[in-house]
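The values are calculated or read from the model by the stated rules, or taken from the named source; none is laboratory data. Computed from a prediction, not measured in an experiment: that's the story for all the values here. When we count neighbours, we look across all protein chains shown, and the Cβ atoms used for this are built from the backbone with ideal geometry, even at glycine. For the accessible areas, the whole protein counts, side chains as well, though only heavy atoms, and no ligand, DNA or RNA atoms are used. Shrake-Rupley method; radii C 1.70, N 1.55, O 1.52, S 1.80 Å.
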Amino acid sequence: MPLTEGSSAGGVRPLPPGQQVAPLRRFGLPWFASRVPAPPVAPVITVGGMVRRPTQVPVAELMALGPRRDLVADLHCVTTWTATGLRWGGTPFATVHLHLADLVHPHPRAHWIAVTGLDGYRACLRLDDALADDVLLADTFGGAPLTGPVGAPVRLVAPRQYGYKSVRHVCAIDYLLDHEGGSAGWLGHPRARVGREERSRFLPGRVWRPVWRWAQPRVRRAFHAVDR
Ligand SMILES: Nc1nc2c(c(=O)[nH]1)N[C@H]1C(S)=C(S)[C@@H](COP(=O)(O)O)O[C@H]1N2
Ligand SMILES: [Mo]
C-alpha cells in the first residue's frame, strides 16, 4: 500500500499560522461531548439528498472498493490546536463518490455534500474539496482499526479543511445543491480551507484566532469530563 504525505510534500509539514501542536484527543462542539455512539455490528451509510435513487450502502462494500490508501496528515482544529503525523488508512473519498454516484445518480448541480455522524454531528463540504486526493473515508488509524473515540466505524479525513469537516462515525452522506451550515451553523465556513485560514465566516481567520483560542480549554473540559 503506498504511504503518501497529506497536505504538503516532504517529511515535515510546517504548522499553519496560529496553530499549536497538541495530542489527538476526542474534541468537537461541546454539546456533542456526551454523545458517544455505540459502534454498529453491520454499519451502513445512508446516501440521499438531491439524488434519484436514495439508498443504504454497507461500509464494508466501500472499504472493499480499492485501491486502499494510507496517508500521514495533520489535523488542524479552528480552536488553534494541531495534531501532527496522524496515519490514516481507507478508501479515497473520490473512489467512494464514484461508486455512490453510480448507485444514486446525484443531481448534476449537487456540488456540496453533507456528512453526518452517528452522534448527529453534521458538516458540509464542497464536493470538489472532498474529491481532493488526500481525502479519505478512513477505517484505520495508526495501522489498526479505528477505535470508538477516533471515529469508528469510519471517519472522513479532509486534511486541508479545518477539523470540523472531518466527521467521525460517518453514517450518512447527502448530495446538496447548496451549502448548509451543519452542526457548526453560521460559525462554520463553507470551505474551511486551512491554507486560507477560513476558520469561520464573516471575519478573517486571524481575527477569529483569539476567540477560538479562548474557547479551546472550555471545550476540552467538556470532553474531558466524559472521557476521563
Ligand atoms: N461525529 C463527530 N465528528 C466530529 C466532531 C464531533 O463532535 N462529532 N467534531 C469535529 C471537530 S470540531 C474536530 S476539531 C475533530 C476533532 O477530532 P478528534 O475528536 O479525533 O480529536 O472532529 C470533528 N469531527
Ligand atoms: Mo474543531
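For segment 171-179, the count of residues that are away from ligand 1 (no atom under 15 Å from the Cβ), within 24 Å of T79 (Cα to Cα), over 9 Å from the mean Cα position of the chain (by Cα) and open to solvent by 20 Å² or more (accessible area, probe 1.4 Å) is nonzero. One residue is enough: does segment 214-226 have a residue meeting the conditions open to solvent by less than 30 Å² (accessible area, probe 1.4 Å), at positive phi and in contact with a helix residue (DSSP H, G or I) (Cβ under 6 Å, 6 or more places away or on another chain)? No: segment 214-226 contains no residue that is open to solvent by less than 30 Å² (accessible area, probe 1.4 Å), at positive phi and in contact with a helix residue (DSSP H, G or I) (Cβ under 6 Å, 6 or more places away or on another chain). With the requirement that a residue be more than 12 Å from ligand 2 (Cβ to nearest atom) and part of a loop (DSSP other than H, G, I, E, B), what does segment 190-228 give you? Across segment 190-228, the qualifying residues are P190, R191, E197, E198, R201, F202, L203, P204, R228. Looking at segment 186-200, which of its residues are modelled with pLDDT of 95 or more and either open to solvent by 50 Å² or more (accessible area, probe 1.4 Å) or under 24 Å from R35 (Cβ atoms) (or both)? Once the filter is applied, which keeps residues that are modelled with pLDDT of 95 or more and either open to solvent by 50 Å² or more (accessible area, probe 1.4 Å) or under 24 Å from R35 (Cβ atoms) (or both), segment 186-200 yields G188, H189, A192, R193, G195, R196, R199, S200.
Of the residues screened, T140 is one that is farther than 20 Å from S183 by Cα and assigned to a strand (DSSP E or B). Each residue in segment 45-89 was checked for being without any contact (Cβ under 8 Å) to a residue 60 or more places away in the chain and either crowded, with 17+ Cβ neighbours inside 10 Å or within 19 Å of L118 (Cα to Cα) (or both), and 7 of them qualify. Looking across segment 150-171, the residues that are assigned to a strand (DSSP E or B) and over 18 Å from R25 (Cβ atoms) come down to L156, Q161, V170, C171. Going by what's in this entry, would R206 be described as in contact (Cβ under 8 Å) with a residue 40 or more places away in the chain and crowded, with 17+ Cβ neighbours inside 10 Å? It is false that R206 is in contact (Cβ under 8 Å) with a residue 40 or more places away in the chain and crowded, with 17+ Cβ neighbours inside 10 Å.
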